[in-house]
Structure formats: structure tokens, C-alpha cells
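A short worksheet on the structure shown next.
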Amino acid sequence: MDGNPTPKPIVPAAGRLGVLLPGLGAVATTFIAGVEAIRRGWGKPIGSLTQMGTIRLGKRTEGRTPLIREFVPLAHLDDLVFGAWDPIPDDAYRAAQVAGVLTNEHIEALADFLKQIRPMPAVFSREYVRKLDGPNVKKGKTKRELAEQLREDIRRFREGKGCRRLVMLWCGSTEVYLIPGPVHRTLDAFERGLDSNDPAIAPSMLYAYAAIQEGVPFANGAPNLTADIPALAELAKEKRVPIAGKDFKTGQTLMKTILAPGLKARMLGLTGWFSANILGNRDGEVLDDPESFKTKEESKLGVLERILQPDLYPDLYGDVYHKVRIHYYPPRGDNKEGWDNIDLFGWLGYPMQLKIDFLCRDSILAAPLVLDLALFLDLAQRAGMHGIQEWLSFYFKSPMTAPELYPEHDLFIQLTKLKNTLRWLMGEEPITHLGVEYYEGYGR
Ligand SMILES: NC(=O)c1ccc[n+]([C@@H]2O[C@H](COP(=O)([O-])OP(=O)(O)OC[C@H]3O[C@@H](n4cnc5c(N)ncnc54)[C@H](O)[C@@H]3O)[C@@H](O)[C@H]2O)c1
């Protein structure tokens, strides 16, 4: 099929799937509580493509449009079990209260379930997240020792909970900005860095390293480098483990990657895009530190440049002023407000403006992405796909790709890529939307 390799048979999704979460904060607790509420029939998995989405197969005249979860063999929600690490020792019940996303009514109704999820001691250092502290932290002389302790946690969890398979998703805070350096270049250099406590190895990298070593697929929901370094991509290939990242695409950046492709499709020009946010949750507090914000800013800024391709369209996008600001503003909690002011121009260069005011709920948007990623990473592993999973770009602000490729940010191209990957996995034809076969007399 189009020079693509033939997919491998997919191992069935039998038994329990453990979902391991470094970081038991707003996103993680909203995800865990949400899955349990959905299992009890108290709500619907709104925002989750794996649960709500359909996929068209074959020609439009065939009328084949199954639900994605009926088309590909995904783990069932009933088979998910949860584990977490956090430097703050609060169980998921208390952590959900602190996060302030879900109502007390929801949290109380799930109290017994949530109280059972207690975070394992974290690998944590304030060097990498300055605005945070907590006592539930592992001790070790070297980063190698700490990574080994995480590996033990993973094995203990797998056994203790009777899991057939595991996945790990980083839902921890945004770490300070790190530039890829020599220690990240090869696995060998990375492992030497573990022994010498190289400061360029952040805690999130130890989780990723431990996961991959244990054969556990890993995705990164924050903008930290984490697994997006050649050393860990090399390890993932060697261990045949899928990895993906980084930074969940929710809120303002989601809107940007919906709108920008539309403006570009119509060849409308841009002179500026100013994005401001007010956010009052712990994530907002962590991002108040300039070093953590820089990590986030890099992730948010890259999106427009890639979509607009100013090198190809200098008259339209050669001089766009793009600015992103996040302000910590406690009264709003998790209910972020994001404003966008877009200065655009049309025919003969006449200027126009577009304003967006998105009153969103950060973790309500992120939770379904955690679910989809957990299920798709597990699917990828059972389908023998390993290394970087670019088809999951749909979920990320800074998608990981093979080194020679630029990332695709347009949400609709990402969705097409994802669905075509599912079709390919199941031996169905990809859909190109060409459609000439419906009209007579075309072609020779
Ligand atoms: N819509 C969204 O909510 C969204 C979108 C994109 C990315 N993110 C990212 O997801 C992450 C989680 O967001 P959140 O709102 O849940 O934040 P949060 O502050 O509520 O939760 C993060 C948790 O991670 C813990 N943590 C920090 N360092 C850790 C470590 N080394 N090991 C284990 N735990 C650690 C913190 O103690 C905290 O409990 C953040 O990095 C955020 O930037 C969130």
C-alpha cells in the first residue's frame, strides 16, 4: 500500500492496563476521577477521540463509519488502573480538592476510590521546579540510583496490581528550560551522566528512562525536553517502546492550530498575534517562574511559525509579531481565560482584527487527552510500533518527529494522519479525500 510497510498483527488488549502518572496534580486527578465517574455512568467522556470519535472506512457511498474504539482493539476503561508519583504526599482525593477543578459533589462521591491512590515518593529537585516543594521525595547518591528506584516502583506496581501492560504519562510540573546538550546526544553519554549526576538530566528524564528500560510506553504532557532527546529515542528503539510528546495541546494553542491553518488556507496575511492568559492553578504558579515559563513559551511560540511557513509566504507571513504571556492570577484557579488579538490583512493589504476570549477549563480539556494517549500508546505497543509516535502529534503543542522532519501543527492534518494510521494498522485503505471516482469522465 503506497510503499508503506505492512502492519504487524495487533496483540489483543487482554488484562489490566496500568496508567502511571508522574505528577498527581490537576490534570492527573481530573483524568483519574473522570475515568471512574464515566465507568460508573455518571458522565460522558467528552473530548476523547478514542471514546466518542468515529472513523470513515472506504468510499463515502459505503456508509461504513464505526466508532474508533470498535474499529481498533483498545483497552477498555474497566481495565485501567492508576498509579502516581508526587513530591506532595496528598492522595488523589486531597489532590483533587486542592486542584479545585471538579466540584465537591463529584469528589465526595468518588472519595473512597480516590483515597486509594497515594503517590509514590517522587524523584524531585527544586533545581528544576523552583516554585514547588514537598517531602515525598526519593533519596539517592546518583541519578542512576534514583532511576533504579523508579524502575523498582514500576515493577512493584505491575505485580501488585496484576497489570499485563503499563503506560506512563508525565503530568508533572513544567521544569526549567534545558537546551539539548552533549549528555542528551547518545545513550552512552546519558548513562554516564546518570553516574556523574549531570545537571542537564532533569527528573522527568529519569522517569522516561526508567519507563523505557522497563518496556513501558512513555508520553510527555509538559513542554520539558524529557524524552525528546536522541539518547532516549535511541533507547526506545532498542527496547522497542513507543514514545510521544510533548506538551498537551489544549486551550489557547489548540485554538491557534485550528484558526491559523484556516487563515492560511484563505491566503489571509498576518502582522501580529498577541496571546495573553490569566491562570490561577498550581501550574500557573510554577509558570510564574521565568525559567519554567521559558520552557512553555518556546513550546507555544513554535506553533505559528511552522503553520504559516513565512519562508514560503513572505508577503503574507514574513513579518508576524507573535507574543505569548501567562499571568498567574489566583482568583481564577484552573478556569483560565485566554485572550488572543490577531491583526490580519486581506485584499490589497486592508487591515482587519480578530479577538478571541476563551474562558476554558484547563484540566477539563487535558483529561481526555491523557486517556486517549494512554490507550493509543498501549495500542502502538501491541501493534509493534516503537520509537517516536508522530501520528499522535494531534495531542501535542510540540510534537516529536524523526530528526529529519519538521513537526506538523495543523490540527486537521494531524487528525488525518492519526486516522490514516489507524486505517493502516487495520489493513484499510488510507483516505486521501481525492474523490474523483465519484464523477464520470475524469482522467484518461
Ligand atoms: N490544559 C492543561 O492543563 C495542560 C496543557 C498542557 C500542558 N500541561 C502541563 O501538564 C502538567 C500538569 O499540569 P497540572 O495543571 O496538573 O499541574 P499541577 O501543578 O496541578 O500538577 C503537577 C504536579 O506535578 C508534581 N510534580 C512536580 N515535579 C514532579 C516530579 N519530579 N515527580 C513527580 N511529580 C512532580 C507537582 O507536585 C504537582 O502535584 C504541567 O506541566 C502543565 O504545564 C497542562
**Request:** Positive end of the charge dipole of the chain (Lys, Arg +1 and Asp, Glu -1 on Cβ, about the Cα centre): tell me which of Ala14, Pro66, His106 has its Cα farthest that way.
**Result:** Ala14
**Request:** Treating only the Cβ atoms of Lys and Arg (+1) and Asp and Glu (-1) as charged, compute the dipole magnitude of the chain about its Cα centre; round to the nearest 20 debye.
**Result:** 780
**Charge-dipole axis of the range 251-359 as Lys and Arg at +1 and Asp and Glu at -1 on Cβ define it, positive-most pick from His322, Phe345, Leu301** = Phe345
**Asked** Sorted by mean Cβ packing within 10 Å, highest first, what order do the peptides 373-383, 97-107 take?
**Response** 373-383, 97-107
**Message:** Please compute, for the alpha-carbon atoms of the range 112-200, the extent along each of the three principal axes and give them in descending order in Å.
**Reply:** 45, 31, 23
**Request:** Sequence neighbours fewer than 8 away in the same chain don't count; with that in mind, list the aspartates and glutamates whose C-alpha is under 14 Å from Lys264.
**Result:** Glu305, Asp311, Asp315, Asp343, Asp410
**Violating pairs (Cα-Cα greater than 25 angstrom) within the set Lys143/Lys300; Lys256/Lys419; Lys59/Lys246** = Lys143/Lys300; Lys59/Lys246
**Cα centre as origin, Lys/Arg/Asp/Glu Cβ charges: the range 1-160 dipole, Debye** = 460
**Asked** What is the calculated FRET efficiency for Asp343 to Glu298, with r their C-beta to C-beta distance and R₀ = 22 Å, to the nearest 0.05?
**Response** 0.45
**Asked** Pairs Lys161/Lys336; Lys44/Lys397; Lys8/Lys139: which exceed 31 Å Cα-Cα?
**Response** Lys161/Lys336; Lys8/Lys139
**Item:** Computed magnitude of the charge dipole of the range 201-325 (debye, nearest 20; Cβ of K, R +1, Cβ of D, E -1)
**Value:** 420
**Prompt:** Percent relative contact order of the chain, based on C-alpha pairs within less than 8 angstrom and at least six residues apart?
**Reply:** 19
**Fill in**
In order over the range 432-444: 3J(HN,Hα) from phi, Karplus 6.51/-1.76/1.60, θ = phi - 60°, whole Hz, x for each Gly or Pro, gives 9, 6, 5, x, 5, 5, 7, 10, 7, x, 8, x, 7
**Prompt:** Ranked from highest to lowest mean number of other Cβ atoms within 10 Å per residue, what is the order of the peptides 336-343, 11-18, 208-215?
**Reply:** 208-215, 336-343, 11-18
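Averaged across orientations, what area in nm² does the convex hull of the alpha carbons in the chain project?
Values: hull surface 92.8 nm².
It is 23.2 nm².
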**Item:** Relative contact order (%) - the range 251-359, alpha-carbon pairs under 8 angstrom, separation at least six
**Value:** 40
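Bear in mind that the values in this text are calculations on the coordinates, not laboratory data. Since we're looking at a predicted model, the values are computed, not measured. Reconstructed Cβ throughout: ideal geometry from the backbone, glycine too, with neighbour counts over all protein chains shown.
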